[in-house]
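First comes the structure, then the notes that go with it.
The values are calculated or read from the model by the stated rules, or taken from the named source; none is laboratory data. Source: prediction; values computed, not measured. Every residue, glycine among them, receives a Cβ derived from its backbone with ideal geometry; neighbour counts consider all protein chains shown. Side chains are part of the model used for accessible areas, which takes the heavy atoms of the whole protein and leaves out ligands, DNA and RNA. Shrake-Rupley method; radii C 1.70, N 1.55, O 1.52, S 1.80 Å.
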Amino acid sequence: TESNPIVATLFPGDGIGPEIAESVKQVFRAADVPIEWEEHYVGKEIDPRTQSFLTWESLESVRRNKVGLKGPMATPIGKGHRSLNLTLRKELNLYANVRPCYSLPGYKTRYDDVDLVTIRENTEGEYSGLEHQVVRGVVESIKIITRQASLRVAEYAFHYATAHGRARVSAIHKANIMQKTDGLFLKCCREVAEKYPEITYEEVVIDNCCMMLVKNPALFDVLVMPNLYGDIISDLCAGLIGGLGLTPSCNIGEGGIALAEAVHGSAPDIAGKNMANPTALLLSAVTMLRHLELHDKADRIQEAILKTIAEGKYRTGDLGGTSTTTEFTKAICDNL
Ligand code: NAI
Ligand code: MG
């Protein structure tokens, strides 16, 4: 309620981050969303407690609030610290990255019937950070797959499919070659699938999956996969509907944490010029509202964004328009 707002952490981030975060704040205000933002910026020095530029206080804020929205963070140059995104994933145990991806009405790409969700295991696989040189000219990278993390992300995928009225979950893999690792991942998916008889379960080899996605993306519904495949496939899917400026994501963590984030970077080439498209961050904020079960607000805001893009009068440069971030945001607020 208005008198008892929900507190959420906001990382405006770097580059275009503060501009598009401002857009989210304006739209939320216009829609009377009962959220109070607790803003945190990336620090200028390494915080020894996080071994990164993220401050301990900002992580505490997400842990306390359990919901947050993150703008893009530029990767600081130099060694001796952990990547910001890796730190967030590890410290907050953000085990699943969820990216809904659907054709935007009125914004033309080769397809008009994309409606899928990629769910990416976010903590292990090839991204475990275990690489070393064995001898000169030979390096080794270790891919870790555990039963615990695979079951956890599979559970989330089936839970998500059920909660969002989706019919099918496809596990994406290469178990014909990676027999032990992807084999274990698939075994866990099968185990979970048995508990959800109302959801159709299938397994698709990753290379074939890429071909099918490009040929006919409407074949897919919910896709669940190990980390590296998810990183690649989710960007491929963003491309099907018009690019990274449009697609939202949400990171799900242990203990009910949800940290929504736009998947694009800080766009230094257009930062500070009032040119950025705030859609990806706005739609990420919508996934956060859905996580909070504020579906009325989420629907209203999502409809206003889609309507504004479909009308085509106000569009930012990346979509072929000439509107500023501020003008596009105002058009969304008017459509609310
Ligand atoms: P980028 O996504 O920032 O930019 C790539 C191109 O897309 C640029 O031409 C940019 O202008 C455009 N673009 C991106 N978002 C846009 C938006 N919302 N509206 C309009 N145009 C948009 O990728 P880049 O240049 O490789 O990375 C820049 C910085 O961002 C680096 O420091 C990188 O490490 C960081 N980064 C951070 C991410 C995160 O925090 N999740 C993800 C990707 C990159
Ligand atoms: Mg990526």
### Summary
So the FRET efficiency between residue 4 and residue 148, C-beta based with R0 = 41 Å and rounded to 0.05, is 0.65
### Summary
Ranking 106, 154, 125 by how far each Cα lies towards the positive end of the charge dipole of region 102-198 (+1 on Lys and Arg Cβ, -1 on Asp and Glu Cβ), the top one is 125
## Note on the structure
Pseudo-spin-label distance residue 75 to residue 46, built 7 Å along Cα→Cβ, given in nm, is 1.6 nm
### Query
Applying the Karplus parametrisation 6.51 cos²θ - 1.76 cosθ + 1.60 with θ = phi - 60° to the phi angles of region 251-265, what ³J(HN,Hα) value in whole Hz is obtained for each residue in order, glycine and proline being reported as x?
9, 9, x, 4, x, x, 6, 10, 10, 7, 8, 6, 8, 7, x
### Summary
Rg (one decimal) and Dmax (whole number) from the Cα set of region 1-63, in Å, equal 13.6, 40
#### Entry: Mean separation of Cα contacts under 8 Å (6+ apart) over length of the chain, as relative contact order %
22 percent
### Task
Note down the nm distance, to one decimal, between modelled labels 7 Å out along Cα→Cβ at residue 228 and at residue 195.
2.9 nm
#### Entry: Extension reserve of the residue 211-residue 64 stretch, reckoned as 0.36 nm per residue once the Cα distance is removed
48.6 nm
### Task
Identify which of 124, 45, 91 has the largest mean-square fluctuation in a Gaussian network model of the chain, with springs joining Cα atoms closer than 10 Å.
45
### Message
If R₀ is 56 angstrom, what is the calculated FRET efficiency for the pair residue 179 and residue 56, using the beta carbon separation as r and rounding to 0.05?
### Response
0.85
### Message
With every protein chain kept in place and ligands, DNA and RNA left out, what is the accessible area per residue of the chain? Probe 1.4 Å, answer in Å².
### Response
45 Å²
## Note on the structure
Reported to the nearest 10 Å², residue 212 has, with a 1.4 Å probe, an accessible area equal to 50 Å²
## Note on the structure
Asserting the computed 222 nm helical MRE of the chain (DSSP H runs at least 4 long, -39500 (n - 2.57) per run, divided by residue count, to nearest 500) equals -12000 deg cm²/dmol
### Percentage of interatomic Cα-Cα distances in the chain larger than 30 Å
36 percent
### Task
Kindly report, to the nearest 10 Å², the accessible surface of residue 127 as traced by a 1.4 Å probe over protein heavy atoms only.
70 Å²
### Query
Antiparallel as a % of all DSSP beta bridges within region 1-158, to the nearest 5?
60 percent
## Note on the structure
Sorting 23, 141 on solvent-accessible surface, 1.4 Å probe, most exposed first, gives 141, 23
## Note on the structure
Between residue 327 and residue 218, the FRET efficiency computed from the C-beta separation at R0 = 41 Å comes out, to the nearest 0.05, as 0.75
### Task
Might you work out the accessible area of residue 313 for me, using a 1.4 Å probe with all protein chains in place, and round it to the nearest 10 Å²?
150 Å²
### Message
Exceeding 31 Å between C-alpha atoms, which entries from my cross-link table qualify? They are 44/180; 174/195; 70/297; 25/307; 215/307; 90/180.
### Response
44/180
### Query
Taking amide H positions as placed 1.01 Å from N in the peptide plane, with prolines and chain starts having none, which residues 5 or more places from residue 171, or on another chain, fall under 5 Å of its amide H?
202, 203, 204, 224
